[in-house]
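> Pasting in a structure now, in structure tokens, and then I'll have a few things to ask.
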Amino acid sequence: MATVDCVLKLGGSALTHKSQLETLRAESLRGAAALVHKLHGAGQRRCIIVHGAGSFGHFQAKEHGIASGTSARSADDDNLRCGLCLTRLSVTKLNHLVTEELVSHGIPAVGISPFGTWKTSCKNVIQTGIDTVKDVLDSGYVPVLHGDCALDSEQHCCILSGDKIIEVLAKKFSPRRVVFLTDVSGIYSCPPDTPGARLVDSIVVGPDGNMEPPVLSSVLPHDTTGGVSLKLQTAVNIVSQSHGTIPVLICKLDSEAAERACLTGELKEGEGTTFSFAES
Ligand code: ADP
Ligand code: IPE
């Protein structure tokens, strides 16, 4: 199978104003599209893009309890279905905007929604739409997936984060690198708005999945997928499962570092966070 150059997460916090309902950061989206255009121009044509929800989806999901599905209510609840539909309308609206911006930058981007093909059981992925992603890539298009609602065999539905989707994609495609672009410069020793927070340049993942140095994190109340702690877990899982052969980098979307991370898989000191595997 031809190599995938980059799996790129465009974080919902970077693409949207996360605390204002359905508010796009249009400038950041343009920057993201320009970045993908550069990657394409540099010959990195086999990229998979996954974006988050930000303020398109999290509010509706939170309001209607989509992440816990029927585990917290009656199994035959039309309000739950209605909430799922509203959440999907919101995330697919963002997917349209992201795909549209990429296409207007000359990228052959095609939006692919996970709902219906990706399925979970107790929130664990049990079925994926990987074959579709592969076909789309092999035909010369750039797949644009997104965090979405998923049907769940035990609790009717749940929220499938873009970060979890990326973990599955990394396992299947063994890309050259996985890059998370977010609204802060990388992973900090503690929440970035806390006094004394320092950017962590490098995190070493041990054989048992522990991180060195350890970090403290916080999450917004309406975030339904766990915020940065899920991203950390995803990074740890990718590095552990690939024994460090897939580098994982986290940096700011609106930055020069983002371009370097995607093009070379490397970051300079102070530009972001790189995950590596501990040598035994
Ligand atoms: P995205 O939507 O970009 O995928 P998240 O919103 O899930 O990302 O996580 C990024 C947010 O996590 C940042 O806005 C940041 O304020 C918050 N955060 C909390 N703790 C940390 C930490 N230790 N390091 C980095 N970010 C953190
Ligand atoms: C959330 O996806 C999907 C929803 C339907 C709410 P993510 O977990 O990938 O979104 P962000 O990046 O945190 O906004």
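The values are calculated or read from the model by the stated rules, or taken from the named source; none is laboratory data. Being a predicted model, the structure only gives us computed values, none of them experimental. Glycine gets a Cβ as well: all are built from the backbone with ideal geometry, and neighbour counts include every protein chain shown.
> Here is a check on your reading of the model: is THR23 closer than 25 Å to HIS222 by Cβ, touching a strand residue (DSSP E or B) at 6+ places or on another chain (Cβ under 9 Å) and surrounded by fewer than 20 Cβ atoms within 10 Å (Cβ to Cβ)?
Numbers: closer than 25 Å to HIS222 by Cβ: yes; touching a strand residue (DSSP E or B) at 6+ places or on another chain (Cβ under 9 Å): yes; surrounded by fewer than 20 Cβ atoms within 10 Å (Cβ to Cβ): yes.
Yes; evaluated as a whole, the condition is true for this residue.
> Another question about this same structure. Within the stretch 227-271, track down each residue that is under 20 Å from ASN124 (Cβ atoms) and surrounded by fewer than 17 Cβ atoms within 10 Å (Cβ to Cβ).
Matches in the stretch 227-271: SER229, GLN233, GLN241.
> Right, here's the next one. Considering only residues that are within 22 Å of PRO192 (Cβ to Cβ) and within 16 Å of the chain's Cα centre (by Cα), which ones fall in the stretch 30-55?
ALA32, HIS51, GLY52, ALA53, GLY54, SER55
> Kindly provide the set of residues from the stretch 225-260 that are modelled with pLDDT of 95 or more, in a loop (DSSP other than H, G, I, E, B) and in contact with a Leu (Cβ under 9 Å, 6 or more places away or on another chain), ordered by number.
LEU253
> Given the options ASP193, ASP152, ASP208, ASP163, name the one that is within 17 Å of VAL133 (Cα to Cα) and either free of Cβ contacts under 8 Å to residues at least 40 places away in the same chain or within 16 Å of ligand 2 (Cβ to nearest atom) (or both).
Numbers: ASP193 fails: within 17 Å of VAL133 (Cα to Cα); ASP152 fails: within 17 Å of VAL133 (Cα to Cα); ASP208 fails: within 17 Å of VAL133 (Cα to Cα).
Of the residues listed, the single one that is within 17 Å of VAL133 (Cα to Cα) and either free of Cβ contacts under 8 Å to residues at least 40 places away in the same chain or within 16 Å of ligand 2 (Cβ to nearest atom) (or both) is ASP163.
> Next question, about the same structure. Go through the stretch 31-62 and give me each residue that's of a type in the set (D, E, K, R) and touching a Ser or Thr at 6+ places or on another chain (Cβ under 9 Å).
Step one: of the stretch 31-62, the residues of a type in the set (D, E, K, R) are 38, 45-46, 62.
Selection gives ARG46, LYS62.
Each row is one residue, and each column tells you yes or no for (1) among the β-branched types (Val, Ile, Thr); (2) under 25 Å from LEU169 (Cα atoms); (3) within 16 Å of ligand 2 (Cβ to nearest atom).
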position: ASP183; (1), (2), (3): no, yes, yes
position: THR224; (1), (2), (3): yes, yes, yes
position: GLY227; (1), (2), (3): no, yes, yes
position: LEU230; (1), (2), (3): no, yes, yes
position: VAL239; (1), (2), (3): yes, yes, no
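> Restricting attention to the stretch 149-174, report how many residues are part of a strand (DSSP E or B) and in contact with a helix residue (DSSP H, G or I) (Cβ under 6 Å, 6 or more places away or on another chain). Working first, answer last.
Going through the stretch 149-174, the residues part of a strand (DSSP E or B) turn out to be 149-152, 156-160.
Imposing the further condition that a residue be in contact with a helix residue (DSSP H, G or I) (Cβ under 6 Å, 6 or more places away or on another chain) reduces the set to 149, 152, 156-159.
Qualifying residue count, the stretch 149-174: 6.
> Can you name the residue in the stretch 179-198 that is more than 8 Å from ligand 1 (Cβ to nearest atom) and within 20 Å of the chain's Cα centre (by Cα) and, of all such residues, is surrounded by the most Cβ atoms within 10 Å (Cβ to Cβ)?
VAL179
> Given the conditions (1) closer than 21 Å to ARG46 by Cβ; (2) surrounded by fewer than 23 Cβ atoms within 10 Å (Cβ to Cβ), report the number of the one that PRO114 does not fulfil.
(2)
Per-residue answers, yes or no, for (1) surrounded by fewer than 21 Cβ atoms within 10 Å (Cβ to Cβ); (2) touching a Gly at 6+ places or on another chain (Cβ under 9 Å):
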residue: ARG73; (1), (2): yes, yes
residue: ASP78; (1), (2): yes, no
residue: VAL103; (1), (2): yes, no
residue: ALA109; (1), (2): no, no
residue: LYS119; (1), (2): yes, no
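> So, one more: Mind checking which residues of the stretch 261-280 are assigned to a loop (DSSP other than H, G, I, E, B) and either closer than 30 Å to GLN20 by Cα or of a type in the set (Val, Ile, Thr) (or both)? Walk me through how you get there before you give the answer.
Start the filter on the stretch 261-280 by keeping residues that are assigned to a loop (DSSP other than H, G, I, E, B), which leaves 265-271, 278-280.
Within the stretch 261-280, GLY270, GLU271 qualify.
> Yes or no: ARG198 of a type in the set (Lys, Arg) and in contact with a Gly (Cβ under 6 Å, 6 or more places away or on another chain)?
On the way: of a type in the set (Lys, Arg): yes; in contact with a Gly (Cβ under 6 Å, 6 or more places away or on another chain): no.
Taking the combined requirement at face value, the residue does not satisfy it.
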